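The values are calculated or read from the model by the stated rules, or taken from the named source; none is laboratory data. These numbers were taken from a predicted model, which means no experiment stands behind them. No Cβ is skipped: glycine too gets one built from the backbone with ideal geometry, and neighbour counts run over all protein chains shown.
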Amino acid sequence: MKIYLKIWRQNDAGSPGKMVDYTLDNVILNMSFLEMMDTLNEQLVLAGDRPVEFDHDCREGICGQCGMMINGRAHGPVAHLTTCQLHMREFKDGDTIYIEPFRGKGFPIKRDLRVDRSAFDRIIMAGGFVSVNTGQAPEANGIPISHEDAESAFDSAACIGCGACVATCKNSSAALFTSAKIAHLAKLPQGEIESRKRALAMVQQMDDEQFGHCTNTEACEVECPQSISVLNIARMNWEYTLSKVLRNT
Amino acid sequence: MKLNAKIPPGPLKDKWTYYKDHAKLVNPANRKKLDVIVVGTGLAGSSIAASLAEMGYHVTSFCFQDSARRAHSVAAQGGVNAAKNYKNDGDSTYRMFYDTIKGGDFRSREANVYRLAECSAQLIDQAVAQGVPFGREYGGYLNNRSFGGVQVSRTFYARGQTGQQLLLGAYQALMRQVAAKTVSLFTRHEMLDVVLVDGKARGIIVRNLDTGEIERHTAHAVILASGGFGKIYYLSTLAMGCNASAIWRAHKKGAFMACPSWTQVHPTSLPQSGSYQSKLTLMSESLRNDGRIWVPLKANESRKPNDIPEEERDYYLERRYPAFGNLAPRDISSRAAKERIDAGFGVGPQQNAVYLDFSKAIQEQGKQKIKEKYGNLFDMYHKITATDAYTEPMMISPAAHFSMGGLWVDYELMTTIPGLFALGEANFADHGANRLGANSLLQACVDGYFVAPYTVSNYLSGEIKEPRLSVERQEFVDAEVVVRAHLSKLVSIKGSKTADHYHKTLGKLLYDYCGLSRSKEGLLKAIKGIRELRSDFYQNLKVSGDEDEMNGELEKAGRVSDYLEVAELMCQDALTREESCGAHFREEYQTPEGEALRNDEKFCFVSVWQYQGEGKDEILIPEPLKFENVELAVRSYK
């Protein structure tokens, strides 16, 4: 099929960007979206043009590195899917597809569709871990964890850090990402001990990185490839408020 | 050069204890004077970087992804092995050691494999302490399941995303150290050369992938944890960026390569559907616990799978390997699938797949139970193929997966270059000619959390008096000149074919002649083809853009230029090993039933290769394997 593309091209964070038109013939239904982009880039390179820079790696929906706005939606038209798992069968012959980078104050553009998501790493650095040294951990079955708690912690831990939540939020909030980590560790006995300190530090870092406040629209959950629940945000707010209250009493 | 594997003395079960008891220590006050470079932030890289930083060394960590959390370890699905014997089904360190040695077709070192099994229990403890949400029984205790090649349940799992959860644990430990300023982390940096000073590894040259800038970094030791190179086949289960560059450039500087031709072909990947395809997606081997593999009894069958009655199906793994059935090891299962596909019984539009059927398991256990165990894998299958595997069988096919070969290392995980270590999939050490399922995450973690912290310290104890080097030293300047010249050369060819074109062509050559089965004739043909392709590459490659800017095409071209050299050594390695073992099936050496025929008399060794310079044949130095604790048996799963 034939596809018309309008892609955001921008040399670097300091340069102005613009939408550029491309046409791609012979797009195959079973191609993944990124394979369609590969085909475009092959065409551009052979024509002597600079290919479109975009991030990707595992192409299995798990590494979290890919991500672009496709027709105004993070990771494209299908809910709970990464861009690498989107297939061209979701489009039809003659469609025009608008492709832009994930946008947000905390995600400066590097080039074309690549953005700098290192703010997420800094949020983790603020406390998104269990303070345990390596090499001398106690017997794993020493602290039983209920099946339900382990499953629930996994539901939160499954976040892949792609940034779709930020890109789709009107306030560019990183609340879903940050809360998923806070909830994951708070639900397990190993992480629970420092959960309040963690919540304060990670929320502070999220604000410092210029992510906005949660809008309560729940758009993040709709677009999240891993269906991370907004209930994590409630848990984060609870942990945060509790630690504030306890600190002030 | 004579190889010394430095295996500690004493009985097998005491060797690692002996080593730890005798390894030299570094005084805490001296550790801060010592710098270590770690390349790669997967399980091996993150865990060793965090471990050394906690001990007080100053660590510099590099990865080419945009975040340390995105290394390829994240994609491993099925689980991680540990001899905990929680199921009371007879598991033990020795049994795990034996299964792993046997699974690798008796082509790995006893001492290394025993240590892997010994440290496995500790790893589960470590991961749980870090908050990895492993599957739990209703009583709160850890759950586990079986994987291919074994008859006990020793695989711990976090649904179908065990790699992701283990990596997050290691990544979080790493970021904790970055926050504490004991680790300096450089993301989007690719290592392009290792720098030797007085014969020892003292630094690396990297390219900042955002700016194109070339940087020099110095240290007292360099650790490569840069993963495997199965992506050399182009179509593979590996992430797009996985490459051989770091280890290959170290090889050209003097580190020996071992058994490069041993690449595991995984039996449960999704089949190729077209020439545009960029990768093959893996479905976890854990699915074979409940899924039954079959093909139609009739060749060129056109009916849909659900329309084919039970008596017209060939459950070929259950038929050929009744003891292990659908859980036969990966090399056996992959070859059995290829045999059926080549014989005309393949299914799917390209007749290149076999069925993995859950109908019986759903009938017996209910859909909900299967959903609980493998739900995300079924979802993933649906996303990619638009097919509901709860109602019709999955289609699966073998695909290139894990590199058992890599840089040769001794028991201390040190290469033949003093001060240069290789961990995880980047080394050759523990898997022999075939890796048992769920041992990959294990090896990467064990190397990084439990082995290298001792062995790297042992090495560094001799480096305390070595000063920090200036990056202005001639050795660094010279290495940078070579790196820059190579990049300029790639950009200046200005031909008419892309790096992807060469990568795909090379991949096809390797699949055809150095893949699931090999023959002398095919390998000679491949070597000739690779040489021609390499020559064409340097005449007709086209890279747009410049070297001093962000340039994804240049990154690819650099990796393909290395692959074109690695591929020849792979074929050379396969050619000289005149036997069949594990992932290496030489058509000339098979039993009348079509099973692999090992030759222990002539080939019970690790093939170690020494680089001789541009265009010269490498020299083979065998490292004999001594088996004092197990008897070399025919590997039968019947």
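Structure notes:
- Selection from region B:479-511 of residues that are away from chain A (no Cβ under 14 Å), farther than 29 Å from B:GLY203 by Cβ and of a type in the set (Gly, Ala, Ser): B:GLY507
- Scanning region A:84-107 for residues that are more than 8 Å from chain B (Cβ to nearest Cβ), of a type outside the set (D, E, K, R) and more than 18 Å from A:THR168 (Cβ to Cβ) gives A:MET88, A:PHE91, A:GLY94, A:THR96.
- Test: residue in region A:13-20 that is modelled with pLDDT of 95 or more, buried (at least 16 other Cβ atoms within 10 Å of the Cβ) and farther than 21 Å from B:VAL74 by Cβ: yes
Results for (1) surrounded by 23 or more Cβ atoms within 10 Å (Cβ to Cβ); (2) among the polar types (S, T, N, Q); (3) part of a strand (DSSP E or B), shown as yes or no for each residue.
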| residue | (1), (2), (3) |
| --- | --- |
| B:GLY169 | yes, no, no |
| B:LEU174 | yes, no, no |
| B:MET191 | yes, no, yes |
| B:GLY212 | no, no, no |
| B:GLY254 | no, no, no |
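- Selection within region B:137-162 - more than 8 Å from chain A (Cβ to nearest Cβ) and closer than 27 Å to B:CYS63 by Cβ: B:PHE156, B:TYR157, B:GLY160, B:THR162
- Residues (of a type in the set (S, T, N, Q), surrounded by fewer than 22 Cβ atoms within 10 Å (Cβ to Cβ) and touching a helix residue (DSSP H, G or I) at 6+ places or on another chain (Cβ under 6 Å)) located in region B:491-504: B:SER496
- Restricting region B:537-564 to residues that are over 16 Å from A:LEU46 (Cβ atoms) and of a type in the set (Asp, Glu), the residue that is farthest from the other protein chains (Cβ to nearest Cβ) is B:ASP562.
- Of residues in region B:135-154 being under 16 Å from B:ASN85 (Cβ atoms) and buried (at least 24 other Cβ atoms within 10 Å of the Cβ), the one farthest from the chain's Cα centre (by Cα): B:ASN144
- Within region A:29-60, the residues that satisfy the criterion of being in a loop (DSSP other than H, G, I, E, B), at the interface with chain B (Cβ under 7 Å from one of its Cβ atoms) and either touching a Lys or Arg at 6+ places or on another chain (Cβ under 7 Å) or farther than 26 Å from B:THR187 by Cβ (or both) are A:ASN30, A:MET31, A:GLY48, A:ASP49, A:GLU53, A:ASP55, A:ASP57, A:ARG59.
- Residue pairs whose Cβ atoms lie under 7 Å apart, separated by 6 or more positions or on different chains, with the first residue in region B:182-210 and over 24 Å from B:ILE417 (Cα atoms) and the second hydroxyl-bearing (Ser, Thr, Tyr) and in a loop (DSSP other than H, G, I, E, B), are B:THR187/B:SER67.
- A:SER146 being surrounded by fewer than 16 Cβ atoms within 10 Å (Cβ to Cβ) and in contact with a Phe, Trp or Tyr (Cβ under 8 Å, 6 or more places away or on another chain): yes
- The sole residue among B:ARG303, B:ARG207, B:ARG216 that is surrounded by 24 or more Cβ atoms within 10 Å (Cβ to Cβ) and either more than 14 Å from every other protein chain (Cβ to nearest Cβ) or not basic (Lys, Arg) (or both) is B:ARG207.
- Qualifying residue in region B:546-560 (condition: surrounded by fewer than 20 Cβ atoms within 10 Å (Cβ to Cβ), without any contact (Cβ under 8 Å) to a residue 40 or more places away in the chain and over 25 Å from the mean Cα position of the chain (by Cα)): no
- All positions within region B:301-358 that are assigned to a helix (DSSP H, G or I) and of a type in the set (Phe, Trp, Tyr): B:TYR316, B:PHE345
- For A:THR178, the criteria (1) of a type outside the set (A, V, I, L, M); (2) surrounded by fewer than 24 Cβ atoms within 10 Å (Cβ to Cβ); (3) more than 9 Å from chain B (Cβ to nearest Cβ) hold in every case but one, which is (2).
- Once region B:573-610 is narrowed to residues that are out of contact with any helix residue (DSSP H, G or I) (no Cβ under 7 Å at 6 or more places or on another chain) and hydroxyl-bearing (Ser, Thr, Tyr), the residue that is nearest to B:VAL409 (Cα to Cα) is B:THR576.
- Residue in region B:444-457 that is more than 14 Å from every other protein chain (Cβ to nearest Cβ), within 13 Å of the chain's Cα centre (by Cα) and crowded, with 24+ Cβ neighbours inside 10 Å present: no
- Failed item in (1) in contact with a strand residue (DSSP E or B) (Cβ under 7 Å, 6 or more places away or on another chain); (2) of a type in the set (Lys, Arg); (3) within 14 Å of chain A (Cβ to nearest Cβ), with B:LYS360 passing the rest: (3)
- Evaluation of A:GLU194 against (1) crowded, with 24+ Cβ neighbours inside 10 Å; (2) within 14 Å of another protein chain (Cβ to nearest Cβ) (one fails), failing number: (1)
- Among the residues of region A:66-80, those that are aliphatic (A, V, I, L, M), more than 11 Å from the chain's Cα centre (by Cα) and assigned to a loop (DSSP other than H, G, I, E, B) comprise A:VAL78, A:ALA79.
- Annotation: of all residues in region A:101-121 being of a type in the set (A, V, I, L, M, F, W, C) and under 12 Å from the mean Cα position of the chain (by Cα), the one that is nearest to B:ARG69 (Cα to Cα) is A:PHE120.
- Checklist (1) modelled with pLDDT under 95; (2) in contact with a Lys or Arg (Cβ under 7 Å, 6 or more places away or on another chain); (3) buried (at least 23 other Cβ atoms within 10 Å of the Cβ); (4) not acidic (Asp, Glu) applied to B:ARG288, failing item: (2)
- Scan of region B:163-177 for residues that are more than 22 Å from the chain's Cα centre (by Cα), facing chain A (nearest Cβ under 8 Å) and touching a residue at least 60 places away in the same chain (Cβ under 8 Å), ordered by number: B:ALA173, B:MET175, B:ARG176
- Answer residue from region A:110-136, given it is outside any loop (DSSP other than H, G, I, E, B) and within 8 Å of chain B (Cβ to nearest Cβ) and is surrounded by the most Cβ atoms within 10 Å (Cβ to Cβ) among those: A:PHE120
- For the criterion of being facing another protein chain (nearest Cβ under 9 Å), modelled with pLDDT of 95 or more and surrounded by 22 or more Cβ atoms within 10 Å (Cβ to Cβ), B:VAL128 passes.
- Of the listed requirements (1) assigned to a helix (DSSP H, G or I); (2) farther than 18 Å from B:ALA444 by Cα; (3) of a type in the set (Gly, Ala, Ser), B:GLY90 misses just one: (1).
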